Amino acid sequence: MSKLSKIVIFCLCLLLLTQAAEVGGKIKQPKQGKKRVTKFNFDQMKVLLKGEEKTYTSFVYPNGLFKFTNVPVGTYIMKIEDIDHFFESVAVEIISHEDKEYIRAFEYDMKNGKGKKVKHPIVFKPTAPKQYYEIKEPFNVLSFFQNPMMIMMVVSIGLVFLMNKMPKPNKEEMAEMNKNMGSLPSFLTGGGS
C-alpha cells in the first residue's frame, strides 16, 4: 500500500469514529414501600438498540448500567428484553452538529411514535410484571349460588315452603263452590248444546 492510501484510510477511520456516539442508561429496580418488589436478574436482561440498518445489543452490568459505544448518527428504538418484566420503549436520535454528537431520547409508542422527552442517560423502570399463567381464583361460596341450576333449585325449594304456609281450604266453602259450579252456563262447564 502506498503512503497516500494509508493516509486516506486513516482519515476515513478517524471520520467514522468522530461520527459515532455513546448511548447508555440504567435500569432501576422499583420500590414498594421500604422493600423492593422483586429482585431483577440482570444476567437475563438484554438491551436492544434497533436502527434502520443495524441492531446493537448490550448486556446489563450487575449494577443495572448498560452502554452502547460507537453508535453512528441516526434514529433508533431502544428496548429491554426481560423474561420477568415489561419495559417501555424509547426512541433515540443521534444528531451530528458541527462535529459534535447530540443524543435526544423520547418515550416511544407504536401508535403515536415519539412522546415526551426523556433525559440521557436513560433510566428504565418496569411497567408491569409478566404473568405466564392465569392466576386461579379462590373458592367463593357466592359463586356456588350464581350457577343457574342452583338458582332454579333454590327457587323451587322456596316455592315448596311457601305452599305449606298458604291457608288450608275450608271444606264447607269448597262444597258451596262446587254447587255454584253446577248452576254455571253450559258453555263454561263444557256441556254441549
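The residue that is nearest to the chain's Cα centre (by Cα), counting only those in the range 107-119 that are under 17 Å from GLU52 (Cβ atoms) and part of a strand (DSSP E or B), is TYR108.
Among what's in the range 158-193 and is assigned to a helix (DSSP H, G or I) and of a type in the set (Gly, Ala, Ser), pick the residue that is modelled with the highest pLDDT. Filtering first and then ranking leaves GLY158. Summed over the range 55-75, residues that are in a strand (DSSP E or B) and in contact (Cβ under 8 Å) with a residue 40 or more places away in the chain total 8. LEU142 meets the conditions (1) at pLDDT below 85; (2) touching a strand residue (DSSP E or B) at 6+ places or on another chain (Cβ under 8 Å); (3) of a type in the set (A, V, I, L, M) in every case but one. The failed one is (2).
When the range 37-67 is limited to residues that are modelled with pLDDT of 85 or more and of a type in the set (A, V, I, L, M), the one that is nearest to ILE103 (Cα to Cα) turns out to be LEU49.
The residues of the range 38-65 that are under 20 Å from VAL118 (Cα atoms) and in contact with a Pro (Cβ under 9 Å, 6 or more places away or on another chain), listed by number, are GLY51, LEU65.
So, ASP99, is that one modelled with pLDDT under 80 and among the acidic types (Asp, Glu) or not? Judged against the criteria, ASP99 is a match.
Please verify whether the range 125-136 includes one or more residues that are within 30 Å of VAL60 (Cβ to Cβ), among the charged types (D, E, K, R) and surrounded by 10 or more Cβ atoms within 10 Å (Cβ to Cβ).
Filtering the range 125-136 for residues within 30 Å of VAL60 (Cβ to Cβ) gives 125-135.
Imposing the further condition that a residue be among the charged types (D, E, K, R) reduces the set to 125, 130, 134.
With surrounded by 10 or more Cβ atoms within 10 Å (Cβ to Cβ) added as a condition, the list becomes 125, 130.
Yes, there is a match, as at least one residue in the range 125-136 is within 30 Å of VAL60 (Cβ to Cβ), among the charged types (D, E, K, R) and surrounded by 10 or more Cβ atoms within 10 Å (Cβ to Cβ).
The values are calculated or read from the model by the stated rules, or taken from the named source; none is laboratory data. On a predicted model such as this, the values are computed, not experimentally measured, just so you know. A quick note on method: Cβ atoms are made from the backbone with ideal geometry, for glycine too, and the neighbour counts reach across all protein chains shown.
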